[in-house]
Structure formats: structure tokens, C-alpha cells
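Below: the structure, in C-alpha cells.
Quick note: the coordinates plus some simple rules give every number you see, no bench work behind them. For clarity, every value in this text was computed on a predicted model and none was experimentally measured. FYI the Cβ positions are ideal-geometry reconstructions off the backbone, even for glycines, and counts take in every protein chain you see.
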């Protein structure tokens, strides 16, 4: 009787592991950017992210969201972020179209982060988000640059004309030089 019970417990523990292993090696695991997520995948990822961000969500920027900082944030954004998240009023680029999950268009009122606390935006820019394509910039940007781009995204729907102009794609004139 005890042997049967122990055997049942071991079998009950091993079968899910074996089923998971077979699911993966037989090609059941979604691995391409066009595959749908597994059930509960989004939920579990969002819950884990929420817990990780919790400490910094209430953090406030140590710099003001003035045009000087927002213009500097626009420069960082164009150099580091626009390739995936795009520029205002511009179509998504080829890189963004091939990503899963698709990166949000951060200047879109529908997809942007203007309703997020500034600490949450900062955390995302600094640390990135695993398995989304969103890199962490903690090693490549200074603290000030991290905050400047975070404030730019926070104020994305309220930018002054000079800051919006700094986000427009560069144009090429007749001589082939870049201009505004």
C-alpha cells in the first residue's frame, strides 16, 4: 500500500515534467515572433514585471521636465529608441514590425506611457524587459540621460514645438546633406 502511494506520488511529479519536456522537444513551444503566446504567459509576465518595478514606481525625477532636458531626451530617443518605437506621426519601421511582442509606439496616445508614473518609465529604460526585445540602458546611458528620455516619454503628448521638431525624421536636401 505504501509502495503504491509512493509510486503514485513519484509518477504524479514526473509526468508533468516529462510532458513539458516532450512539449518542448516536439516543437510545441512558440519560439517565433509570429507565434501566439502560451496561455497565462502574458499574465505571468505582467505579474512578475509589476513586482519587479514596484520599488521604483513612485520614484521622482531628479531633473525638471524643461525644454533643455526634453531636447536632450529627444536626442537620446532618436539615437537609441526610435529604431524600435518609432517617431511621432511616422509609420513603424521594419525592425519594429518583426518584433514580438511588438514594441509600443511611444508617441501614440493609445500606446504611449504618459499615464505611467515617471519611476516606472525610468525603470523600464534603465533595466529593460526580458524576452521582449527591450534592452536595459543602464550601462550605455548616464543617469541624467535615462531620466531625460524618461521625462520625454512621460510628456510625449505635451511637448513644445522645438522638442517635437527635434523628433522629426531628418530630411536630405539636394546636396545630400542632412537638414531639418
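By the beta-carbon count within 10 Å of each Cβ, the least crowded to most crowded order of 42, 92, fewest first, is 42, 92. As a proxy for reagent exposure, ranking 35, 116 by other Cβ atoms within 10 Å from fewest up yields 35, 116.
Among 76, 83, rank each residue by its count of other Cβ atoms within 10 Å, from fewest to most, as a rough exposure measure.
In order of increasing Cβ crowding within 10 Å: 83, 76.
Computed over every Cα-Cα pair of the chain and binned at 10 Å starting from 0, the pair-distance distribution P(r) comes out as 8, 28, 28, 15, 10, 6, 3, 1, 0 percent.
Considering helices alone, the calculated mean residue ellipticity of the chain at 222 nm is -14500 deg cm²/dmol, with DSSP H runs of length four and up weighted by -39500 (n - 2.57) and normalised per residue. Taking the C-alpha atoms only, the angle from helix 41-53 to the longest principal axis of the chain is near 60 degrees.
Is the shape of the range 71-142 rounded, prolate or oblate, going by the alpha carbon gyration tensor and its root eigenvalues a ≥ b ≥ c, with a/c under 1.5 for rounded and a/b larger than b/c for prolate? In terms of gyration-tensor shape, rounded. For helix 143-154, what angle does its Cα long axis make with the longest principal axis of the chain, in degrees from 0 to 90 and rounded to 10? Roughly 90 degrees, rounded to the nearest 10.
In the chain, the longest principal axis of the Cα atoms and the axis of helix 118-127 are about 70 degrees apart. Stretching the chain fully between residue 34 and residue 7 yields a gain of 5.6 nm (0.36 nm per residue, less the alpha carbon separation).
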